[in-house]
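Below is one structure; the comments refer to it alone.
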Amino acid sequence: MTTRVAGILLAAGEGSRLGQPKALVEVGGWTLAERGVALLMDGGADPVLIVTGAVPVTIPEAVAVHNPDWQTGMGSSLATGLRALEDSDVGAAVVALADQPRVGAEAVRRLIAAYRDGAPVAVATYDGKPRNPVLIAREYWPEVLTMAHGDTGARPFLRAYPELVTQVECGDTGAPDDVDTPEDLARVRAATTVRSEKT
């Protein structure tokens, strides 16, 4: 079994409540898409895929995969990302959301470490509450694909197989604050430090 772990950044939405596609929104000098790719790379995921939809996104370090059904919700984007990895040699994928820029790379590192210690599914929790990112071993991708519909993503799978899930506390590594509205964006910008270099 390979212990190589890919990263999938879901960045396909149009940001209807925000009024603009989230992937291109800037926070601290980086777009949300750039931050998400850096999060996964810094956390040890390789390769990193970015699932696009409403707008094209090109980030040199990531492989862009277009979801033609992006308007149906997150489920189709998750499926697009997993299908794009079917011919790869990765053993698991960490799934992150572009609209959670305050999630820390250490959360990704902890999920990958849990997988390499034997956890087939690992979920980052914050003060005990399951959020994102989520790691899923390859052997369970078929079940995820059959359940990923609408805006639910991996949630139906996680609820159907709680015995597989290892919760990994990440409350000290960042925050899973969503950027859904202009008010959310203002709060996240106020709480985010400007990153001066893109490495």
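Taking interchain pairs and intrachain pairs at least six residues apart, which have beta carbon atoms under 9 angstrom, with the first residue in region 52-78 and within 16 Å of Pro21 (Cα to Cα) and touching a residue at least 24 places away in the same chain (Cβ under 8 Å) and the second of a type in the set (Gly, Ala, Ser) and part of a strand (DSSP E or B)?
Pairs that qualify, where the first residue is within 16 Å of Pro21 (Cα to Cα) and touching a residue at least 24 places away in the same chain (Cβ under 8 Å) and the partner is of a type in the set (Gly, Ala, Ser) and part of a strand (DSSP E or B), are Thr52/Ala64; Val57/Ala64.
Going by what's in this entry, would Thr31 be described as β-branched (Val, Ile, Thr), closer than 24 Å to Ala175 by Cα and without any contact (Cβ under 8 Å) to a residue 40 or more places away in the chain? Talk me through it step by step, then tell me what you get.
Numbers: β-branched (Val, Ile, Thr): yes; closer than 24 Å to Ala175 by Cα: yes; without any contact (Cβ under 8 Å) to a residue 40 or more places away in the chain: yes.
Yes.
In region 5-25, which residues are touching a residue at least 60 places away in the same chain (Cβ under 8 Å) and charged (D, E, K, R)?
Answer for region 5-25, where residues must be touching a residue at least 60 places away in the same chain (Cβ under 8 Å) and charged (D, E, K, R): Arg17, Lys22.
Is it the case that Val179 is touching a helix residue (DSSP H, G or I) at 6+ places or on another chain (Cβ under 8 Å) and within 18 Å of Gly7 (Cα to Cα)? Give the steps one after another, and end with the answer.
Working: touching a helix residue (DSSP H, G or I) at 6+ places or on another chain (Cβ under 8 Å): yes; within 18 Å of Gly7 (Cα to Cα): no.
No; evaluated as a whole, the condition is false for this residue.
Only one of Arg138, Arg155, Arg189 is over 21 Å from Arg4 (Cβ atoms), of a type outside the set (Gly, Ala, Ser) and touching a strand residue (DSSP E or B) at 6+ places or on another chain (Cβ under 8 Å); which? Explain how you work it out, then say what you get.
Details: Arg138 fails: over 21 Å from Arg4 (Cβ atoms); Arg155 fails: touching a strand residue (DSSP E or B) at 6+ places or on another chain (Cβ under 8 Å).
After applying the criteria, what remains is Arg189.
Would you check which residues across region 158-171 are under 22 Å from Ala45 (Cα atoms) and without any contact (Cβ under 8 Å) to a residue 60 or more places away in the chain and list them?
The first filter runs over region 158-171 and keeps only residues under 22 Å from Ala45 (Cα atoms), leaving 158, 164-171.
Listed by number, the residues that qualify are Leu158, Leu164, Val165, Thr166, Gln167, Glu169, Gly171.
Give the residue, chosen from Pro156, Pro182, Pro176, that is touching a Lys or Arg at 6+ places or on another chain (Cβ under 6 Å) and either aromatic (Phe, Trp, Tyr) or modelled with pLDDT under 95 (or both). Walk me through it before giving the result.
On the way: Pro156 fails: touching a Lys or Arg at 6+ places or on another chain (Cβ under 6 Å); Pro182 fails: touching a Lys or Arg at 6+ places or on another chain (Cβ under 6 Å).
Result of the check over Pro156, Pro182, Pro176: Pro176.
The values are calculated or read from the model by the stated rules, or taken from the named source; none is laboratory data. These numbers come from a predicted model, not from an experiment. Heads up, the Cβs are rebuilt from the backbone with ideal geometry, glycines too, and the neighbour counts pull from every protein chain shown.
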